[in-house]
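**Student:** Dropping a structure here in structure tokens format, bear with me for questions.
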Amino acid sequence: MAAVASINSLPYEVRQTIYSLVARPTDFHCRYGRPASSVAQYATVSREWQEEFERFTFRELLVTPKRLKSFCHILSSPRRRAIVQTICFHVSLDRYEPHLDAIQETSAERRRSTEVLATALGSFFRAMTHWQKSDTSPLGLDLHLLVDSPSDSSALVGKNGGPLVTGRALTSYLKLDLETLSLPYLDVFSGFRCTGRHLQPTSILAIVSRLRMLEYLDVELNHDTTRNRDIHQRNYFAIGLEQHAETVRVLSLRRPSPMLIPSPAPPKQPWSTFYSQMRLFSQQCESFEFDDCIDAAQFFAPFLVGPGAEKPPIGQEAPFWTRLKRLNIRNSYLMKAPYLRVPNRIEALVSVHNVLVAAGRAACRMPELQFARICQYVLTDGQLEWFVLTYECYAGKAVLRMRGFVPGTAMVDAWKRSVAHKGVELTLLRETNEPNAPEL
């Protein structure tokens, strides 16, 4: 009887194709809504299959405090550590009764949540000290910190079909005790993202300060309101970035979920500590992204001209972004406090125009810029008006795409001058032709 051929007798490329096809969800699963077979089961076929399919199963890991010991045991192998790309550390807070869904945590409950988070972080960081930079891929690891309670999911369903979170989850923020928090330094993480319950920016910086090789940071800022806590947290974060996140090159900032009880926005202060520090820190970034948590009109204030434009104070002249390659901005108008920004649609369109022109002037001081997307949307009579400008510059060619508006002379001239500094040609593409589109 002839010997059964081994899969190892096949060429390497053929074997890799087989493994990839087996691990990929099939059209059958997608069409009938059935869950795809677990990739992990294929690792039991043979030793060879185990090593190959662990490349899929160990790429992204979910770790909890209760499973931390098992995590350390299973990932003691250098081969497995080299596969890992992302670790999601999920800290589960105490459950609460349904009648507390709309009630903010008490001081005692907040201290308990803080204690749970601090203890979990301490255990996880100490466990990760056994990892060496040489154990991981050259790109390092991404750390995703998820903090929530099993009771945070509401019985209500959102527009996307998923469950909404409770009022308690929205209003109960987390703030670590910086005086007692003790975390060891780690060199294995190059990315950090925080989701779930809102973690105050001062606490985020405390964690970031222990990640010495951090390059990518994706976190929530506090709302831009007149509340003292929000003002303090935003300012401290902006000031602390230079000290605690000096290695970060990719920065993504988000606002928290909408406020249940809206608070008014502060007066426009483009030369405030927050905006001056954010302009300063962004100059070390290769990629910078923000939504409503930063007002684009105030961020680009040094590039505004014409009526109402203020002369920059001494020391706050126009910044120069020598490294910036990617810029992504999303701002809303007339949505919900504190992000109303203006009293009416006319002033909203004026502000959108100013942002598009100022961004074009700023691009002149971004010599490495390859991609920019500026999305401004205005709520008018219950409908959203979208004004989107997309800039791409590759292989000696630049393209400016516009959607939702007619490009005005000032905006086009600003972007043309910026592109001319690079010695490339600019192509203008208007993606839509709405008859009532405003000129910006």
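The values are calculated or read from the model by the stated rules, or taken from the named source; none is laboratory data. Since this is a predicted model, take the numbers as computed values, not measurements. Don't worry about glycine lacking a Cβ; one is built from the backbone with ideal geometry, like all the others, and counts go over all protein chains shown. These accessible areas exclude ligands, DNA and RNA; they are computed on the full protein's heavy atoms, side chains included. Shrake-Rupley method; radii C 1.70, N 1.55, O 1.52, S 1.80 Å.
**Student:** Give the residues of region 219-274 that are in a strand (DSSP E or B), open to solvent by less than 10 Å² (accessible area, probe 1.4 Å) and over 15 Å from Lys175 (Cβ atoms), sorted by residue number.
**Tutor:** Result: Leu251, Leu253.
**Student:** While we're on this one: Which of the residues belonging to region 275-292 are hydrophobic (A, V, I, L, M, F, W, C), in contact with a strand residue (DSSP E or B) (Cβ under 9 Å, 6 or more places away or on another chain) and assigned to a helix (DSSP H, G or I)?
**Tutor:** Selection gives Met278, Phe281.
**Student:** While we're looking at this one, here's another question. From the set of residues in region 57-83 that are touching an Asp or Glu at 6+ places or on another chain (Cβ under 8 Å) and either of a type in the set (Val, Ile, Thr) or outside any helix (DSSP H, G or I) (or both), which is least open to solvent (accessible area, probe 1.4 Å)? I'd like the intermediate steps shown before the answer.
**Tutor:** Restricting attention to region 57-83, the residues satisfying the condition of being touching an Asp or Glu at 6+ places or on another chain (Cβ under 8 Å) are 78-83.
Now restrict to residues that are either of a type in the set (Val, Ile, Thr) or outside any helix (DSSP H, G or I) (or both): 82-83.
Details: Ala82: 50, Ile83: 28 Å².
If we take residues in region 57-83 being touching an Asp or Glu at 6+ places or on another chain (Cβ under 8 Å) and either of a type in the set (Val, Ile, Thr) or outside any helix (DSSP H, G or I) (or both), then Ile83 is least open to solvent (accessible area, probe 1.4 Å).
**Student:** Confirm whether Thr195 is touching a residue at least 12 places away in the same chain (Cβ under 8 Å) and not in a loop (DSSP other than H, G, I, E, B). Please lay out each step first, then the result.
**Tutor:** Numbers: touching a residue at least 12 places away in the same chain (Cβ under 8 Å): yes; not in a loop (DSSP other than H, G, I, E, B): yes.
So Thr195 fits the description; yes.
**Student:** Here's something else I'd like to know. Taking the stated definitions as given, is Lys133 at pLDDT below 95 and out of contact with any helix residue (DSSP H, G or I) (no Cβ under 9 Å at 6 or more places or on another chain)? Steps first, answer last, please.
**Tutor:** Details: at pLDDT below 95: yes; out of contact with any helix residue (DSSP H, G or I) (no Cβ under 9 Å at 6 or more places or on another chain): yes.
So Lys133 fits the description; yes.
**Student:** If you don't mind, another one. Check Leu181, Leu211, Leu174 and return the single one that is in contact (Cβ under 8 Å) with a residue 60 or more places away in the chain and open to solvent by 10 Å² or more (accessible area, probe 1.4 Å). Talk me through it step by step, then tell me what you get.
**Tutor:** Numbers: Leu211 fails: open to solvent by 10 Å² or more (accessible area, probe 1.4 Å); Leu174 fails: open to solvent by 10 Å² or more (accessible area, probe 1.4 Å).
Matching residue, one of Leu181, Leu211, Leu174: Leu181.
**Student:** I'm checking my understanding of the structure. Among residues of region 410-430 that are among the basic types (Lys, Arg) and not in a helix (DSSP H, G or I), which one is modelled with the highest pLDDT?
**Tutor:** Quick first cut of region 410-430, residues among the basic types (Lys, Arg) only: 416-417, 422, 430.
Pick out the ones that are also not in a helix (DSSP H, G or I) and you get 422, 430.
Values: Lys422: 85, Arg430: 89.
Going through the qualifying residues, I end up with Arg430.
**Student:** Just to be sure, is Thr202 open to solvent by less than 30 Å² (accessible area, probe 1.4 Å) and more than 22 Å from Leu121 (Cα to Cα)? Step through it out loud before you land on a result.
**Tutor:** Details: open to solvent by less than 30 Å² (accessible area, probe 1.4 Å): yes; more than 22 Å from Leu121 (Cα to Cα): no.
So Thr202 does not fit the description; no.
**Student:** Going through region 185-199 one residue at a time, which ones are open to solvent by less than 10 Å² (accessible area, probe 1.4 Å) and either over 26 Å from Pro258 (Cβ atoms) or more than 16 Å from the chain's Cα centre (by Cα) (or both)?
**Tutor:** Leu186, Val188, Phe189, Gly191 - these are the residues of region 185-199 that are open to solvent by less than 10 Å² (accessible area, probe 1.4 Å) and either over 26 Å from Pro258 (Cβ atoms) or more than 16 Å from the chain's Cα centre (by Cα) (or both).
**Student:** Identify the single condition in (1) crowded, with 20+ Cβ neighbours inside 10 Å; (2) under 20 Å from His223 (Cα atoms); (3) touching a Ser or Thr at 6+ places or on another chain (Cβ under 8 Å) that Leu324 does not satisfy, given that it satisfies every other one.
**Tutor:** Checking Leu324 against (1) crowded, with 20+ Cβ neighbours inside 10 Å; (2) under 20 Å from His223 (Cα atoms); (3) touching a Ser or Thr at 6+ places or on another chain (Cβ under 8 Å), the one that fails is (2).
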